Structure formats: structure tokens, C-alpha cells
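Everything on this sheet refers to the single structure shown next.
Nothing in this text is a laboratory measurement; each read-out follows from the coordinates by a stated rule. Computed from a predicted structure; not experimentally measured. Note that each Cβ is placed from the backbone with ideal geometry, even for glycine, and that neighbours are counted across all protein chains shown.
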Amino acid sequence: MQKEVEEIINAVDRHEELFNNAIPMIASENVTSSQVRVLLASDLSHRYAEGDVGARFYQGCEFIDVIEARAIKWAKELFNAEYVNVKPVSGVNANIAVVFALASPGDLMMALSIPDGGHISHAAYSVPGLRGLRLKELPFDPKEMNIDVDRAVQAIRELAPEIIMLGASLFLFPHPIRELRTAADEAGTVIVYDASHVLGLIAGNKFQDPLREGADVVTSSTHKTFPGPQGALILCGNAQSEAIDRAVFPGTVSNHHLHHIAGLAVTLREMMQFGESYATQIQRNAKALAQALYQAGFKVLCEHKGFTESHQIAIDVRDFGGGDAVAKRLEQAYIITNKNMLPWDNSPDKPSGLRLGVQELTRIGMKESEMIEIASIMKRLLMDEEPVNTVKQDAIALKKDFQDVKYSFDGGAAYRNPVKK
Ligand SMILES: *Cc1c(COP(=O)(O)O)cnc(C)c1O
């Protein structure tokens, strides 16, 4: 094999070995079943199918139509939505399409700031700025780690924004959609809910049900708590569907990723069958991990409200050198996490926080007892200052029995390539 090619293949092998051994707790990641991974490597990854089911600009789409029609039908059923678009190739792509469809330059958008949990695509330098919108922060209550309802209602009444973007990347508790709906109606505001982090919980009837609670449009990536291939979808009522369709194709996507659509379709079936038990266990695991870390002495946020209702927990780690230092130290012991800004932070490079997600650990079968063990490993590393190598060996030993994907039809190895010779 050519040396340069070999280098790439070796790096991929070593990457898979790392994740085989590590405790993965990045809140935006997950693992797909081996059925999905085989589809991702199929010939679909080579093809074009611009246009819609039954109305393509390319020949050869007979079976692609079958696949995309099923994905749309099953997404409508699972999320009880009038209308679904499965073409955006990422969550940011979905947000761009929706903001271009529903707002015009000069309009006002309100969203959470990044330290309060908002995603970079909700910030002025990203989607709203690209669309020429004015942006105002949604008022936030750092003690409750949620939108401040009274101040938000007042702001909506005073400012009459064209769009409010709910949803977040640091997302511990359901957002107050119902509480904002009346003011939004009076002000003529469209409520968009970005479910990227919590779509898998919504699929399992946990966390919240944004369309029933009053969101007009839901955008979401499909690979965080929802354990599908990287991609996104948009859910809405028929009122917005035409504008959103046009903003997706031909507005911001030419060819969608057909292999990912096949994988999404299978993951939708997995969530129809296993979504409820999966989402239930995610919430149990998140609470168990938070409780164990709190008892060990970590400053886990929001103890007074049970720490979290999602897959995430947030910890103030300033006592241990801040989020950057702690995340790097954990990585040395094969515990993969990320630093995260908390509401009082102003530097993205030196944030106070550490964000942990338990969705992938849940997907590979871990339960409450493993959460307690992980908390103990973290305590030994960060508080007791045990040597990195001892702790790392214990992390690897814990991971050994959790190598397969659960909550799916044929599971399969989570970290081994199913199509590799
Ligand atoms: C992750 C995330 C996105 C972006 O999704 P990508 O698929 O990475 O583009 C959008 N919004 C929120 C709230 C997110 O957390």
C-alpha cells in the first residue's frame, strides 16, 4: 500500500482503538448500529438525487425514492409532525434554511447567548448575521439554568421579534415554550425550537414535546441523543412547509446525503421500537452520574432541581483549573469530555465548566452502577490526584464489557468498522 494512504488508514485504526477503550462523554455524539453503518458505506454515498421523491432531476433514483419516502413517513409518525424535511446535511444547515425561509434582513431574532447555552449557529457571527438579522439575547436565569420566563415575555411584548430560537447546546431542562406562546402570538413571533441535543429524548417521549407545546418549527441534527448518522431534519406544520422546502432545496442544499437518509430511516425504526426505554435510561443515567459526582464533592449545577432532565450535566470546575485543564487531564485518562462556557464566563478558551453527556454510554448499555463507577474514577483523578495511568487502566477495564450498540435490531460492535475486510 502507498505509504501516504497507509498513514491515513493507520490513523483511523488508532482512532477506533482509542474509542474502543475510552469513556465517551461528549454530549453531541453517539454511535450508530452496524446496520446503519453498512448502509453508510453503500453505493448510495456516490449518488445524486436532487429534487423530491417522484420528481428528481436525475435518473437512477427509483430506490432512492423508496428510501426517502419511508424516512419522511416514519419521521412524521415518530414525531407526530404534519410536515418533515430530511434533506439538511447538518443542524446548522437546517437552521440556515429555516431562518432564510422565515425571516428577512432587518428582522429581529431572539436566542440564548453562548454562555447561557446557545449554539454558535444562534450567534450574531453565524446564521442570524448571515441573514442580516438583528439579534437580542433571550433573558436567562443562571440559577435555574433556564430562560427567565417573566423577562422573556416582557421582551417579546416590547420588541416583537420575528423569530425566537429556543433550544440549546448546554440544555439541562425543558424550555418554557407554553409560557412564551401567548406573547409570541400577540407579537406575531414564530417560535423555532432547535432540538439538536434532545431529539432522541423527544423520540422516546421524554424531556418535552415542542410541537404540542407551541413551537411552530423544530430544527434538529440527527446524531446527538438521536443516534443516527450525521444529518438533520426540520419538522413543522403545513403553513411553513413550502417556504422551508424551497430554502432547503434549491436554497441551501443541492444534493442531500442519500446514504445518510437510508441510515436515518433505519434509526427512526430503532427509535420507534426502543426509543422510550433508551430515553428513560438516559435520564436515569444522567441523574445518577450527577448525584455521584455531587456526593464526591464536585460542583454539579442545579442540585436544587435534580441536576438535569436531559442527557447532560454541567459542572463548575474552576477549583480544578477550569474546563480546559480538566478536559485535557481527563483525556489523558481516556475520559473524553469537553470544556464548556457557563453563564458567567466570557472567554470561550478559558471556560469554568465541563459538560458531560451520557447518551452514548447509555446506547452501549451502561446503567446507573457504571455511572457511579465513572464518578469515582473522575474523583480519583481530579480530587485524590491518583496517577493518570492507574486511573486510565480502570477506565479501559470498565469499558471492556460495553462494546456493542443496544436499543437497535442487530446491535453490532460500536467501535469496529462492520465493512472492513
Ligand atoms: C449541535 C448543534 C447544532 C449543529 O448541528 P451540526 O449538525 O453540528 O451542524 C445546532 N444547534 C444546536 C443547539 C446544537 O447543539
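Exactly one residue among Arg47, Arg37, Arg70 is basic (Lys, Arg), more than 16 Å from the ligand (Cβ to nearest atom), more than 17 Å from Ser196 (Cβ to Cβ) and surrounded by fewer than 17 Cβ atoms within 10 Å (Cβ to Cβ), and that residue is Arg47. With the structure loaded, tell me whether Glu360 is touching a residue at least 12 places away in the same chain (Cβ under 8 Å), crowded, with 23+ Cβ neighbours inside 10 Å and of a type in the set (D, E, K, R) or whether it fails that test. Yes.
Scan region 210-230 and tell me whether some residue there is within 16 Å of the ligand (Cβ to nearest atom), over 25 Å from Gly411 (Cβ atoms), in a helix (DSSP H, G or I) and of a type outside the set (D, E, K, R). Yes; the residues of region 210-230 include at least one that is within 16 Å of the ligand (Cβ to nearest atom), over 25 Å from Gly411 (Cβ atoms), in a helix (DSSP H, G or I) and of a type outside the set (D, E, K, R). For the subset of region 193-208 comprising residues that are farther than 15 Å from Thr222 by Cα and out of contact with any Leu (no Cβ under 8 Å at 6 or more places or on another chain), which member is nearest to the ligand (Cβ to nearest atom)? Of everything passing the filter in region 193-208, Gln208 is nearest to the ligand (Cβ to nearest atom). Beta carbons closer than 7 Å, at least 6 apart along the sequence or on distinct chains, pair a first residue in region 49-68 that is touching a residue at least 40 places away in the same chain (Cβ under 8 Å) with a second that is in a helix (DSSP H, G or I) and among the aromatic types (Phe, Trp, Tyr) for Glu50/Phe249.
Listed by position, the helices (runs of 4 or more DSSP H) enclosed by region 80-192 that each have at least 3 residues that are crowded, with 24+ Cβ neighbours inside 10 Å, within 16 Å of the ligand (Cβ to nearest atom) and hydrophobic (A, V, I, L, M, F, W, C) are 91-102.
Looking at region 380-391, can you tell me whether even one residue there is touching a residue at least 60 places away in the same chain (Cβ under 8 Å), at positive phi and part of a loop (DSSP other than H, G, I, E, B)? Within region 380-391 (the criterion being touching a residue at least 60 places away in the same chain (Cβ under 8 Å), at positive phi and part of a loop (DSSP other than H, G, I, E, B)), the answer is no, since none of the residues qualifies. Consider region 75-113 and keep the residues that are touching a strand residue (DSSP E or B) at 6+ places or on another chain (Cβ under 9 Å) and of a type in the set (Phe, Trp, Tyr). The one that is farthest from Val253 (Cα to Cα) is Phe79.
So which of Ala325, Ala333 ends up being touching a Lys or Arg at 6+ places or on another chain (Cβ under 6 Å) and either crowded, with 23+ Cβ neighbours inside 10 Å or farther than 30 Å from Asp43 by Cα (or both)?
Ala333
Is it true that some residue in region 297-308 is closer than 30 Å to Ala75 by Cα, surrounded by 17 or more Cβ atoms within 10 Å (Cβ to Cβ) and under 22 Å from the mean Cα position of the chain (by Cα)? Within region 297-308, one or more residues are closer than 30 Å to Ala75 by Cα, surrounded by 17 or more Cβ atoms within 10 Å (Cβ to Cβ) and under 22 Å from the mean Cα position of the chain (by Cα). If you go through region 119-166 and keep only what is among the small types (Gly, Ala, Ser) and within 18 Å of Ala97 (Cα to Cα), you end up with Ser121, Ala123, Ala124, Ser126, Gly129, Gly132. Counting the residues of region 339-363 that are acidic (Asp, Glu) and either in contact with a Ser or Thr (Cβ under 8 Å, 6 or more places away or on another chain) or closer than 24 Å to Leu201 by Cα (or both) gives 2.
Scan region 329-360 for residues that are touching a strand residue (DSSP E or B) at 6+ places or on another chain (Cβ under 8 Å), part of a helix (DSSP H, G or I) and of a type outside the set (Asp, Glu) and the total you get is 1. Taking first residues from region 314-328 that are assigned to a loop (DSSP other than H, G, I, E, B) and partners that are small (Gly, Ala, Ser) and surrounded by fewer than 18 Cβ atoms within 10 Å (Cβ to Cβ), the Cβ contacts under 9 Å between residues at least 6 apart in sequence or on separate chains come to Val317/Ala325.
Please verify whether region 219-230 includes one or more residues that are without any contact (Cβ under 8 Å) to a residue 40 or more places away in the chain and either small (Gly, Ala, Ser) or out of contact with any helix residue (DSSP H, G or I) (no Cβ under 6 Å at 6 or more places or on another chain) (or both). Explain how you work it out, then say what you get.
Looking only at region 219-230, we keep the residues that are without any contact (Cβ under 8 Å) to a residue 40 or more places away in the chain, and these are none.
No, region 219-230 has no match at all.
Summed over region 231-240, the residues that are part of a loop (DSSP other than H, G, I, E, B) and more than 16 Å from the ligand (Cβ to nearest atom) give a count of 1. Taking the criterion of being within 16 Å of the ligand (Cβ to nearest atom) and crowded, with 24+ Cβ neighbours inside 10 Å, the residues of region 25-34 that qualify are Met25, Ala27, Asn30, Thr32.
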